[in-house]
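Chemist: Can you keep this structure in mind? I'll have questions shortly.
The values are calculated or read from the model by the stated rules, or taken from the named source; none is laboratory data. Keep in mind it's a predicted model, so treat the numbers as computed, not measured. Backbone-built Cβ (ideal geometry, glycine too); neighbour counts: all protein chains shown. SASA here: full protein model, heavy atoms, side chains in, ligands and nucleic acids out. Shrake-Rupley method; radii C 1.70, N 1.55, O 1.52, S 1.80 Å.
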Amino acid sequence: MESKHIIIVGVGPGISMSVAKKFGKEGFSISLISRSADKLVGYSQELFALGIRNSVYEANSTNDKMLEHQINMATIQHGAPKMVLYNAVKASSGNALEYDMEAFQKDFDVNVLGALRVAKIALKNMETNGGGKILFTGGGFAHYPDSSYASLSIGKAALLTLVKILSQEVHSKNIQIGTLTIMGYVQEGTFYDAENIAEAYWNLFHKNSEEWEVETLYHEN
């Protein structure tokens, strides 16, 4: 029997938890991976209160071995994931010329290299287990950079490029790689409400290889 399991890397109260609730209510088991063990406990309890089966795993997206171990543990517990969502972000503000280089490198490690780490690990699982979707939360800064958020703008642009490159390198029809690029600020009660974005991820999950686009822009008409 095919597993109904998704893994979310980078968990917060907004998009990631809304995606977890949406997929969980549709019968999926949810694995949450985050560097904050204390917050994970709260998120897990929130999902269990809704009747959603879930497990939590502490890992930092900058740690290759820890990430691989925890994703493998989630796979053992719930079966191979049909979707892996990378939602981790380090959103520091500051101009490029004034930004501390060490801080920039730390941002880039989370915003871009962490995404690559997760993609490589997820591909190993999916290639031998019938395929799936590897998705990334993109941002409008990839298209419209803001000098006051130089590091994040560069990170989102690099993430988009990375996703396009990965989609060129992966040739399996059973594995789709893409980004949902959020073209606005997440805000409750608006088009950019996290629950609406979760619905967009649900719709994206159900697209087949013929319909697939590497980048899906999420914006108001």
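Chemist: Taking the condition of being touching a residue at least 24 places away in the same chain (Cβ under 8 Å) and open to solvent by 70 Å² or more (accessible area, probe 1.4 Å), how many residues in the range 192-221 meet it?
Modeler: So the count comes out to 6.
Chemist: Would you mind stating whether K25 is of a type in the set (K, R) and either closer than 21 Å to N111 by Cβ or crowded, with 17+ Cβ neighbours inside 10 Å (or both)? Reasoning before the result, please.
Modeler: On the way: of a type in the set (K, R): yes; either closer than 21 Å to N111 by Cβ or crowded, with 17+ Cβ neighbours inside 10 Å (or both): no.
No: the conditions fail for K25.
Chemist: Only one residue in S44, S55 is among the small types (G, A, S) and touching a residue at least 24 places away in the same chain (Cβ under 8 Å), so which one is that?
Modeler: Values: S44 fails: touching a residue at least 24 places away in the same chain (Cβ under 8 Å).
Exactly one residue qualifies, and that residue is S55.
Chemist: Taking the stated definitions as given, is A59 among the hydrophobic types (A, V, I, L, M, F, W, C) and in contact with a His (Cβ under 9 Å, 6 or more places away or on another chain)?
Modeler: Working: among the hydrophobic types (A, V, I, L, M, F, W, C): yes; in contact with a His (Cβ under 9 Å, 6 or more places away or on another chain): yes.
When the stated conditions are applied, A59 passes them.
Chemist: Restricting to the range 65-78, name every residue that is of a type outside the set (D, E), closer than 28 Å to T181 by Cα and either assigned to a loop (DSSP other than H, G, I, E, B) or open to solvent by 10 Å² or more (accessible area, probe 1.4 Å) (or both). Show your work before the answer.
Modeler: Here is the first cut: in the range 65-78, the residues of a type outside the set (D, E) are 65-67, 69-78.
Checking which are closer than 28 Å to T181 by Cα leaves us with 66-67, 70-72, 74-75.
Across the range 65-78, the qualifying residues are M66, Q70, N72, T75.
Chemist: Still on this structure: Among the residues of the range 161-177, which ones are surrounded by 15 or more Cβ atoms within 10 Å (Cβ to Cβ) and polar (S, T, N, Q)?
Modeler: Residues satisfying the conditions are S167, Q176.
Chemist: Identify, from the list A158, A115, the residue that is open to solvent by less than 10 Å² (accessible area, probe 1.4 Å) and either in contact with a Leu (Cβ under 7 Å, 6 or more places away or on another chain) or closer than 25 Å to M66 by Cβ (or both). Step through it out loud before you land on a result.
Modeler: Numbers: A158 fails: open to solvent by less than 10 Å² (accessible area, probe 1.4 Å).
Sole residue among the options that is open to solvent by less than 10 Å² (accessible area, probe 1.4 Å) and either in contact with a Leu (Cβ under 7 Å, 6 or more places away or on another chain) or closer than 25 Å to M66 by Cβ (or both): A115.
Residue by residue, here is whether (1) in contact with a His (Cβ under 7 Å, 6 or more places away or on another chain); (2) in a loop (DSSP other than H, G, I, E, B); (3) free of Cβ contacts under 8 Å to residues at least 24 places away in the same chain; (4) more than 20 Å from V19 (Cβ to Cβ) holds:
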{"site": "K120", "(1), (2), (3), (4)": "no, no, yes, yes"}
{"site": "G130", "(1), (2), (3), (4)": "no, yes, no, yes"}
{"site": "D146", "(1), (2), (3), (4)": "no, yes, yes, yes"}
{"site": "G155", "(1), (2), (3), (4)": "no, no, no, yes"}
{"site": "Q176", "(1), (2), (3), (4)": "no, no, no, no"}
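Matching residues to (1) open to solvent by 20 Å² or more (accessible area, probe 1.4 Å); (2) basic (K, R); (3) more than 22 Å from K133 (Cα to Cα); (4) out of contact with any Phe, Trp or Tyr (no Cβ under 7 Å at 6 or more places or on another chain):
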position	(1), (2), (3), (4)
N63	yes, no, yes, yes
P81	no, no, no, yes
V84	no, no, no, yes
V89	yes, no, no, yes
S92	yes, no, yes, yes
Y99	yes, no, yes, yes
